[in-house]
Amino acid sequence: MAAHIGRRLRKGATSTAVAAAAVAALSASQAPGVTSAADGGSGDPQAADATPQPHENSATGNSPYYTDLPPLNTPDKPGAPTAPIVTGPAEAGIPATVLAAYKQAEQHLRAADPGCNLPWQLLAGIGKVESGQARGGRVSADGTTLSPILGPVLNGVGFANISDTDDGAYDGDTTHDRAVGPMQFIPSTWASWGQDANGDGRKDPNNIYDAAQAAGMYLCANNRDLALKADLDKAILSYNRSTEYLRTVLSWFEYYKRGTHRIPDGTGVLPADRSDNKPAARPTPTPTLPVTPSPTPTPPPVKPSPSTPTTPPVTPGPTKPTPTTPPVTPGPTKPPVTPAPAPHEKVARLTDAGTGPLTAMAGSRFTERPEVKALDRAGKPVAKLAVEFEIVGATEARFAAGTGSVGSVVVTTAADGTALAPPIVAGERTGEFTVRATVVRRATLPAVDFTATVTERAADALTRTDEKALTAAPETEFADQVEVKATYKGAVASGVALTATMITAADSATANDKGPFFKDEQGNPVRTLVGLKTDANGVLKLPKMYADGQTGTFLLRLTTAGGATLTVELKVAAPAPTPAPAT
């Protein structure tokens with residue numbers, strides 16, 4: 001619908017009334033990028049009115065939002081995974097399931113729209129302002145709010161006037177629409193942007209996983225790059241066209257970027273101040289003078305007239321007994337049905353399920369994958385439990401998820417209680433990092449840490465690409481350059497570091513101080529080159545070589561990480577004398 005109207009507007013509206021109606025329809029449906037009277041139609045957030053008028057349409061109908069601001073102190077970084085509770089300002093805590101949903105949405109957008117650069121902290125800022133992080137994380141195990149979160153009726157009284165579009169399916173109102181769920185989508189927008197992020201076959205605006213992913217897709221619309229301030233502002237204003245709203249969301253966005261910590265669901269700090277919280281003026285009472293009541297006159301007693309007949313008293317007859325109803329004996333009372341505990345309530349501990357050493361060369365995939373097992377107090381496996389695997393530390397390694405790579409993933413345990421992380425792909429940065437497994441919605445349960453190591457790229461074989469003899473006359477340049485190919489276990493070894501050294505003897509690694517040499521950038525002779533690397537095909541062509549005044553056979557030693565070596569002969573000989581012409 002929005003796209004259709006947009007096309008009509010580009011072709012030219014037939015009248016001002018048609019154009020105005022089209023813009024209003026786009027705004028009411030939360031179509032991203034649509035401007036309104038609040039910004040003069042320019043999309044410039046600085047032009048938006050900080051106090052929108054009731055008749056101005058916006059993405060949420062200018063519904064009220066929470067205006068609480070973050071504290072001035074900087075939140076602490078998360079503490080040790082075994083700590084009972086992470087310290088830091090209470091406002092910096094985000095309920096575990098809500099936080100997992102934000103991070104999962106960021107991961108999805110990283111693969112679906114990498115140019116958008118959506119940070120999960122932006123979703124957290126909007127979630128804080130729209131619903132107080134789903135009312136402090138009052139959600140079920142699958143992320144659905146325990147009770148509906150509804151905005152005001154959009155009936156034009158103080159907000160936009162949006163007639164019902166969903167027959168009350170989401171908001172329970174068959175006359176007007178209302179914003180729904182933790183990210184406050186109106187039904188018409190949800191019809192276009194709804195997502196099924198938790199894989200239950202439903203697109204539910206009351207589910208934080210579905211709603212967070214839909215919000216991410218909505219914010220990234222129109223090819224926005226949220227790393228750019230202008231696009232970031234436009235995205236936020238597409239939720240509510242108010243500069244006050246923009247400033248509030250940005251303040252939480254920056255606060256969360258400085259550090260957050262995971263807290264149990266249902267324990268989040270609930271905001272108090274809302275944009276529609278205006279104290280009502282109390283009426284001033286009008287003072288009144290006290291009134292002294294006048295005494296009521298008492299009428300004189302009336303004497304009966306002698307002519308007035310006296311009515312004899314009536315003697316009541318016998319009273320009929322009131323029938324009594326025999327007491328009803330209640331039947332047996334059915335015991336109340338106690339719902340089975342959710343998986344996160346049953347789990348007592350996570351254990352390593354037998355993961356082998358996590359080692360990989362830079363740029364390659366780890367052969368082992370971290371695996372944990374969830375057990376209850378009796379040592380029995382816990383199925384359908386959400387476990388988050390997160391890569392921690394200074395590394396470029398990422399999980400291979402779908403078409404992209406991500407830093408954390410949520411995996412559900414199988415019937416045997418095990419959860420297997422996706423494959424990990426190593427980056428170019430070498431060294432150790434940690435893969436941490438934690439139970440979603442159980443921040444106090446100890447994590448399981450795995451140590452992973454990325455080693456430098458290696459080769460186990462090194463060969464020349466040709467067999468040409470390498471010769472030169474004294475004080476001249478070698479006619480040919482050395483070209484080699486590196487492989488590892490028979491496969492091309494790209495990006496492998498290689499060292500080239502002119503050595504004194506085949507059984508010695510000592511660098512020679514005479515004979516053939518390379519030249520540095522200033523043209524000075526050097527006989528050892530480091531930092532060389534093979535190309536994408538595993539091939540490396542060495543720089544040109546030169547001969548000094550020494551003659552004889554010399555050796556060039558090539559070595560790579562992984563132990564591959566190759567020794568090449570270089571010959572320097574005086575040119576053969578030119579034969580004298582025959583007489």
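No lab work stands behind these numbers, since they all come straight from the coordinates. This structure is a prediction, so every number in the text was calculated from the model and none was measured. Backbone-built Cβ (ideal geometry, glycine too); neighbour counts: all protein chains shown.
Okay, here's what the table says:
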read-out: Percentage, to the nearest whole number, of Cα pairs in segment 480-537 over 13 Å apart; value: 69 percent
read-out: Environment charge at residue 528 (Cβ cut-off 12 Å; Lys +1, Arg +1, Asp -1, Glu -1); value: 0
read-out: Set of aspartates and glutamates with alpha-carbon distance to residue 384 below 16 Å, sequence-local pairs under 8 removed; value: 142, 200, 345, 371, 376, 416
read-out: Normalised alpha carbon radius of gyration of segment 343-455 [divisor 2.2 N^0.38 Å]; value: 1.05
read-out: Of 229/257; 489/544; 103/257; 519/541, pairs whose Cα-Cα distance is over 21 Å; value: 489/544
read-out: Cα-centre dipole for segment 461-572 with unit charges at Cβ (Lys and Arg positive, Asp and Glu negative), debye to 20; value: 320 debye
read-out: Proximal charge balance of residue 140 [Cβ under 12 Å; K/R count +1, D/E count -1]; value: -3
read-out: Convex hull per residue volume in Å³, alpha carbons only, for segment 461-572; value: 99 Å³
read-out: Sites matching GluC sites (Glu not before Pro) across segment 472-530 that sit in DSSP coil, with at most 13 neighbouring C-beta atoms within 10 Å; value: 475, 521
read-out: If the convex hull is drawn through the Cα atoms of segment 49-263, its volume per residue in Å³; value: 121 Å³
read-out: Neighbour-limited loop hits for trypsin sites (Lys or Arg not before Pro), segment 532-583 (at most 13 other Cβ within 10 Å; DSSP other than H, G, I, E, B); value: 544
read-out: Relative contact order [Cα under 8 Å, 6+ residues apart], segment 390-539, whole percent; value: 16 percent
read-out: Quarter of Cα convex hull surface for segment 205-283, i.e. mean projection, nm²; value: 8.0 nm²
